[in-house]
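Coordinate-derived values only; no laboratory data. Owing to the predicted nature of the structure, the values given are computational and were not obtained by experimental measurement. Cβ placement follows ideal geometry from the backbone for every residue including glycine, while neighbour counts extend to all protein chains displayed.
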């Protein structure tokens, strides 16, 4: 099946810093989503982005489907951005495959 | 988008007992998905639940351990049977909209003692 990798596995930032999270996948996809899992375990949809670029406030994402990667940008990070960021892909199947996640800690 | 209500949000259970987790969606959906997230790990799909048919289980998961019900197009339950400490995880239900965008319930944090 499709393989999903995320980097870096862990990231520590000072409040106000910018960061880039990466997701690589091993096959073509018809769906890609970024999620933020908060400290209480809830998964929050950030972006539905099988291709192209989207922005939502301080967050933006770019997926280059032909090169099989996606990037999540976080600008002016805040302590509330802390948590785990997951990339999940669907390669024309009926379910998502999740990457291992990037654990982000934003320090005040 | 879909709004998913999952309960309980957390529970502490004795080994050997069973827990049933409920998932309610605010709209009719064809498929509902159940995931497990072990401590510090990513999400793993347990099974896909279709209304009117038996659930389809992923490799490593069996119906006797994780029976699923899907009585209608807005509701599903997952039971974790004969629990052991290794079953301590977050369990999440999920649905997809017409654009195949996935939405998740708030999760059930299970601790088995």
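Computed over the alpha-carbon atoms, segment B:31-75 gives an Rg to Rh ratio of 0.99, Rh here being the Kirkwood radius from the mean inverse distance. The three principal axes of the C-alpha atoms in the protein assembly as shown carry coordinate ranges of 47, 36, 31 Å, sorted with the longest axis first.
The spacing between segment A:55-91 and segment B:66-109, judged by their C-alpha centroids, is 25 Å.
For segment A:1-55, the equivalent ellipsoid derived from the alpha-carbon gyration tensor has semi-axes of 22, 14, 13 Å in decreasing order. Inter-chain neighbour count for B:37-44: the average number of beta-carbon atoms from partner chains within 10 Å of each residue's beta-carbon is 5. The ellipsoid equivalent to the alpha-carbon distribution of segment B:33-113 has semi-axes of 21, 16, 11 angstrom, derived from the gyration tensor eigenvalues as √(5λ) and listed largest first.
Average projection, convex hull of the Cα set of chain A: 6.2 square nanometres. Does segment B:9-58 classify as rounded, prolate or oblate by the C-alpha gyration tensor (a ≥ b ≥ c root eigenvalues; a/c under 1.5 gives rounded; else a/b over b/c gives prolate, otherwise oblate)? It comes out prolate by the Cα gyration axes. In this simple spin-label model, placing a label point 7 Å from the Cα along the Cα-to-Cβ direction at both residue B:12 and residue B:82 gives a separation of 2.6 nm.
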